[in-house]
1. Over the alpha-carbon set of the chain, work out the extent along each principal axis and list the three values in angstrom, largest first.
2. May I ask you to sort ILE65, ILE94, ILE6 by Cβ crowding, counting other Cβ atoms within 10 Å and putting the fewest first?
3. Multiply the residue separation of VAL67 and GLN12 by 0.36 nm, subtract the distance between their alpha-carbon atoms, and state the gained length in nm to one decimal.
4. Please identify the DSSP H helices in the chain that span no less than 18 Å along the helix axis (Cα) and have a mean Kyte-Doolittle hydropathy of -1.0 or more.
5. So how many Å³ per residue does the convex hull of the Cα atoms of the range 1-109 work out to?
6. Near LYS89, which lysines are there with a Cα under 20 Å away, not counting those fewer than 8 places off in the same chain?
Amino acid sequence: MCSSSIILLNKQVLSHHGFKAVNSLLAYHCLIAVALLRGAAALGLVEIAPLTRDVLRLWLPLNFIFVGMLATAFKSLGLLGVGVMSLLKNLTNIFIIAGDYVMMGRTYTWHVYACLLLMLATAAGGAATDAAFSPAGYAWQLLNCLLTAAYALYLSHVTQRLSSSAGPSGRRVNEARCGLARFLAVP
C-alpha cells in the first residue's frame, strides 16, 4: 500500500503539477522514512544497530544504489504512465533471477521460469500497446530495473554478512524479530 501510494503521489506531483525539484521530493521521502524508523525505534518496535566503520563500509554502496534506483524511478515516472511503469517493473524479477544464477549459482523450478516468461510477455504486450511511447522513459525504466535488481542482490549479500554478527541486543540479524511482527503475531 505504501509503495503504490508513493508511486501515485509522485506521478501526481511530477506530471500534473509540473514539479521540477525531484531531489527535494527525494529528500522529503528520506526524511519521512528516517522519522518513521526513529519513531518505531522509540516505541520499541525495531532495533537500530550502532553505526560503525565496518557497517558503514558495508551499507554505503547499497545506499548509492538505492538513490540511483529512486532517481531513475522519478525520471521514468515523469515520462511513462503508472500502468506501463508497473508492467516494466516486473522485468526486475528477471534480472534478479539472472543475478542469482550468475553470482550465487541458484537455480529455480520450471514454474518460476514460466512465470518469468509470462512477465516478459506482459511487459512486451504493454509496451506494444503504449499510446504515449517514450524511448527516454523506457531507457530510464530499464536502468531502474537494473538498479533495483542490483539493490536486491546486494541487500541479500549485506544481510548474509550481517547475519553472522550480533546486533545491539546480542542477537544475530536474522534472529532479531521486529517488534511489529511480534505485535501482529507473525510466525
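1. 55, 44, 34
2. On the way: ILE65 20, ILE94 17, ILE6 14.
Ordered from fewest to most neighbouring Cβ atoms within 10 Å, ILE65, ILE94, ILE6 come out as ILE6, ILE94, ILE65.
3. 17.7 nm
4. On the way: long enough: 22-42 (30 Å, 1.50); 53-79 (39 Å, 1.06); 91-104 (19 Å, 1.46); 110-128 (27 Å, 1.46); 135-163 (42 Å, 0.49).
Taking the DSSP H segments of the chain (at least 18 Å long, mean hydropathy at least -1.0), we get 22-42, 53-79, 91-104, 110-128, 135-163.
5. On the way: hull volume 17.7 nm³, N = 109.
Roughly 163 Å³ of hull volume per residue.
6. LYS11, LYS75
Quick note: the coordinates plus some simple rules give every number you see, no bench work behind them. Every value quoted in this text rests on a predicted model; they were computed, and no experiment measured them. Positions of Cβ are generated from backbone atoms using ideal geometry, with glycine treated the same way; all protein chains shown enter the neighbour counts.
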